[in-house]
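The values are calculated or read from the model by the stated rules, or taken from the named source; none is laboratory data. Bear in mind that the values here come from a model prediction, so they are computed numbers and not experimental data. Neighbour counts run over all protein chains shown; Cβ positions are idealised from the backbone, glycine included. Protein only, heavy atoms only, side chains kept; ligands, DNA and RNA dropped before computing areas. Shrake-Rupley method; radii C 1.70, N 1.55, O 1.52, S 1.80 Å.
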Amino acid sequence: TQSTWGHQINKNLKEYITTLMNKNLLLITVLALCYVASAAPHLTIDMFTESLCPDCVGFLTQTSYSSFYKVLLKYPDVVQLNLWPYGNARESQDEQGYKFKCQHGEEECIGNLYEACALRKFERVAGFDFAQCLEGGLSKQDGNMDKYAEECLNAEQFEQLRQCVYGQEGNQLMHEIAQKTNSLVPAHQYVPWLVINGKHDEVEETLALTDIEYYVCSRYQQYIPECGQFLMRQIKGQMSKRVKVGRCPAPQWI
């Protein structure tokens with residue numbers, strides 16, 4: 001009958017509208033979650049170093065760098081750390097390629113290349129592992145880059161990095177890092193030199209270098225649930241160990 005037909009139409013229409021509303025609700029929920037994820041801030045720290053600066057060696061082998069490394073692994077969705085091993089070097093060019101003069105001599109240039117090649121070729125964590133291992137060897141002050149690099153790697157990895165370090169790939173890579181370093185505004189005056197979210201500020205740099213986890217948690221607590229307990233321990237006096245970090249000033253020819 002006509003009434004039965006009309007009832008069926010209304011029923012189908014209600015089911016269609018309900019289905020459509022559910023789909024839209026799901027879409028809105030997904031979009032909201034995506035927005036929240038994209039709204040979370042990303043802390044990018046660019047650290048400009050050089051391999052034989054005593055203060056860089058000290059930093060990369062002591063507690064404060066271990067804290068940097070821990071925070072990098074602990075909060076990967078918020079914190080990104082980049083190392084740029086060039087520092088107070090200078091660059092020139094001839095028909096054979098780019099030439100580099102480093103503040104602490106030729107071995108420092110080779111060390112910079114080893115770290116740059118590892119950070120480019122290895123997965124991020126492995127690259128940082130290598131940089132810390134290499135600097136640990138350099139802290140012994142006999143400065144044999146090839147020796148300490150080999151001790152930090154297996155045979156295949158060492159050969160891979162040697163080809164990069166002493167080949168065109170490494171030369172071009174160091175040129176790119178030189179350009180990035182030389183384009184800093186303001187120009188760097190020492191190393192390690194930190195650029196945080198695109199800006200250099202001495203106060204922010206000192207806070208980040210001396211206690212990176214407190215620096216991150218005090219600014220991004222609302223996005224990192226784990227920071228609540230950490231900050232509570234700070235308030236109760238269980239302060240994390242803070243280490244004074246020195247600087248290698250740029251020479252006059254920079």
Which numbered condition ASN24 fails, given (1) open to solvent by less than 90 Å² (accessible area, probe 1.4 Å); (2) more than 23 Å from VAL125 (Cβ to Cβ); (3) modelled with pLDDT of 85 or more: (3)
Selection count where residues are closer than 26 Å to THR61 by Cβ and of a type outside the set (A, V, I, L, M), scope the range 177-212: 15
Within the range 39-146, strands (runs of 3 or more DSSP E) holding 2 or more residues that are open to solvent by 50 Å² or more (accessible area, probe 1.4 Å) and either modelled with pLDDT of 95 or more or not polar (S, T, N, Q) (or both): 90-94, 97-101
